[in-house]
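For reference, the structure is listed below as structure tokens.
The values are calculated or read from the model by the stated rules, or taken from the named source; none is laboratory data. Not measured: the values here are computed from a predicted model. As a convention, Cβ positions derive from the backbone with ideal geometry for all residues, glycine included, and neighbour counts pool all protein chains shown.
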């Protein structure tokens, strides 16, 4: 009996929340689709939205379920680790076709060339990986900000150890992995992974 009353109360509250009017600047209101642009080759793509909508995760699930071809699915899951927020993933999936999505990635996700990354670093960043000789900026672009940075000697020499924490799924839940990246003169000299 108590459960039935509780369920009825929860249902009434959720119905009330759905009918509430919201101010357009509250962050809860829906947003119009982003405008479309064309590059010099005529490929259409839309610019990133500047606002954050709480409906992004719902839009993302809908757009992901609409991926129909093997090419679309492969392309999306290739870029997905680089699309760090639901909003970015929605923006990517809102592009009308494969060509437009590739152009969007080049225009909005990879103005990385401007940061003077070499070809090898750009490939590693696209794969969310690192390699010997990679710069600190390129590692941070690929793996994000580290959990901790430790300096060896003076900071001007660029000898550092960066620590990353990662949860890896196992058959018994999750296992914590710590990845240690070693820099000499500001470039990757090596790394190691330890399980905890």
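The residues on offer are 149, 166, and the sole one that is part of a strand (DSSP E or B) and closer than 23 Å to residue 89 by Cβ is 166. Pairs are defined by a Cβ separation below 7 Å, a sequence spacing of at least 6 or placement on different chains, a first member in segment 62-83 that is free of Cβ contacts under 8 Å to residues at least 12 places away in the same chain and assigned by TED's automatic domain parsing to the domain that holds residue 99, and a second member that is assigned to a loop (DSSP other than H, G, I, E, B) and surrounded by 15 or more Cβ atoms within 10 Å (Cβ to Cβ); the pairs so defined are 73/67. Given the condition more than 28 Å from residue 163 (Cβ to Cβ) and not in a loop (DSSP other than H, G, I, E, B), answer yes or no: does some residue in segment 134-142 qualify? No: segment 134-142 contains no residue that is more than 28 Å from residue 163 (Cβ to Cβ) and not in a loop (DSSP other than H, G, I, E, B).
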